Amino acid sequence: MSDQSAAITDYWNAAAPSFDDAADHGLRSGPTHAAWTRRLAAWMPSPPVDVLDAGCGTGSLSVLLARAGHRVTGVDLAPGMVERAGGKLAEAGLPGRFLVGDAAVPPTGHETFDVVLSRHLLWTLPDPEAAVREWVSRLRPGGRLVLVEGRWRESAPGEVPYAVAADRLPWGRGVGAHELAAVVRPLVADLRIEPLSTDADLWGGPVDDERYALIARL
């Protein structure tokens, strides 16, 4: 593991214990839980299908997917995140597979999926466009790519800075919908953008930055 990868892993391992404190991470409030359940149901094919949750974090979306009847594989670089994701599904009595590895190049061999889902991951990656191409290559014919992304505001004062300085990353402050669509469009048969900024329940309160889902099909 490179020094950079080790630093990123350490950062997310340290974040894991408190990660679910954010309303849109832990999905602990009823309205937020319901909002994400509703959106995922609209974005996914009819269950059951095989879903790769790339950068699964503590597995909150994986729980919703498994509860809906999908077969979920989660991948995250941080063992602390993966441990919590596995525990969360086990506690809920739901099946799921979780792997420690680089979500940009998921350690699933030649396995393919009906859906690849990623939420708020691309900003952390040194080569996000390569990750998008890799995820598309993991889709079965007719498969779906679901990317929940946005253009972020500056970090709050006192917030622990990311292990890799955001200004050194291509999309370190997030990526706008039009920019991401330009990357994805040549790789897929069709795509649409679903704005999410005005759905305050998704985030636990109002937001004033750009947030959206890109849903694409091969």
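What to note about this one:
- Working from Cα pairs under 8 Å separated by at least six residues, relative contact order for the chain is 19 percent.
- Peptides 135-142, 82-89 ordered by average Cβ neighbours within 10 Å, highest first: 82-89, 135-142
- When the trypsin sites (Lys or Arg not before Pro) in region 3-64 are filtered for DSSP coil states and for at most 16 other beta-carbon atoms within 10 Å of their beta-carbon, the remaining sites are ARG28.
- Most simply put, the chain has about 45% antiparallel DSSP beta bridges, counting only bridges with both residues inside it.
- Screening the chain for whole DSSP H helices with an alpha carbon extent of at least 27 angstrom along the helix axis and a mean Kyte-Doolittle hydropathy of at least 0.0 yields nothing.
- GNM top mover of VAL100, VAL188, VAL63 - the chain, alpha-carbon springs below 10 Å: VAL188
- Percentage relative contact order, region 19-148, counting C-alpha pairs under 8 Å, at least six apart: 22 percent
- In order along region 103-117, the phi-based Karplus estimate (6.51 cos²θ - 1.76 cosθ + 1.60, θ = phi - 60°) of 3J(HN,Hα) comes to 5, 6, 9, x, x, 10, x, 8, 5, 10, 9, 7, 9, 10, 10 Hz; Gly and Pro are listed as x.
- Ordering GLY143, ALA131, LEU214 by Cα displacement along the dipole of region 69-218 toward the positive end leaves GLY143 in first place; charges were set at the Cβ atoms of Lys, Arg (+1) and Asp, Glu (-1).
- For the chain, a crude dipole built from +1 on the beta carbon of Lys and Arg and -1 on the beta carbon of Asp and Glu, taken about the Cα centre, is about 720 debye to the nearest 20.
- Overall form of the chain per C-alpha gyration tensor (a/c, 1.5; a/b vs b/c): rounded
- Farthest toward positive dipole pole in the chain [+1 Lys/Arg, -1 Asp/Glu at C-beta], among LEU52, PRO107, TRP12: LEU52
A short reminder: the numbers here are calculations on the coordinates, not readings from a lab. Computed from a predicted model, the values in this text were never measured in an experiment. All Cβ positions, glycine included, derive from the backbone under ideal geometry; neighbour counts span all protein chains shown.
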